[in-house]
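All remarks here apply to the structure that follows.
Just so you know, all these numbers are worked out from the coordinates, no wet-lab data involved. Only a predicted model underlies this, so the values are computations on that prediction, with no experimental measurement involved.
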C-alpha cells in the first residue's frame, strides 16, 4: 500500500530544490531552545563579528567561534541532530537567500495589496 501525504495536492508541482532544502532545515530546527540559541545568540554574535571585523579582527574571530559554539550546542544538546552546516557547508548562504526571497515576496505583496501565495 502506498501512503500519500494528505496535505499535498496530487496535482501539485514538485517542490523546488530550495523549498525542499528549507523544509529540511526547518525540520532540523524545531526545538525552541535551539531556535533561541540560533536567532537570539549565535547569529547576532556573527553579525556583530562582521561589523567589528575592520576594527577588532581577533574579537570577530572569537565572536564567530562563540556564535557557532552556541548554535552547535543547540543541535547536539537540544535537537539531538548534526548541524546542517556540517553536512552542507553552503547552508547559511542558501537559507539567507530563502529569507531574502521571502521578505521580498512579502514586501511586494504588501505594496500591491495582493493576498495570494
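What full-extension length gain, to one decimal in nm, is calculated for residue 96 and residue 16 as 0.36 nm per residue of separation minus the Cα-Cα distance?
So the chain would gain 27.2 nm between residue 96 and residue 16.
Which angle between 0 and 90 degrees, to the nearest 10, do you get for helix 17-27 versus the longest principal axis of the chain when only C-alpha atoms count?
Between the helix axis and the principal axis of the chain, the angle is about 70 degrees.
What is the helix-to-structure angle for 57-73, meaning the angle in degrees between its Cα long axis and the longest Cα principal axis of the chain, kept from 0 to 90 and rounded to the nearest 10?
50
Subtracting the Cα-Cα distance from 0.36 nm times the residue separation, let me have the gained length for residue 61 to residue 27 in nm, one decimal.
9.3 nm
Return the calculated 222 nm mean residue ellipticity for the chain, to the nearest 500 deg cm²/dmol, obtained by summing -39500 (n - 2.57) across DSSP H runs with n ≥ 4 and dividing by the residue count.
So the calculated ellipticity at 222 nm is -18000 deg cm²/dmol.
Per residue, what volume in Å³ does the Cα convex hull of the chain take up?
160
Determine the gain in length on full extension of the stretch residue 111-residue 88; use 0.36 nm per residue of separation and subtract their C-alpha separation, reporting nm with one decimal.
Additional length available on full extension: 4.8 nm.
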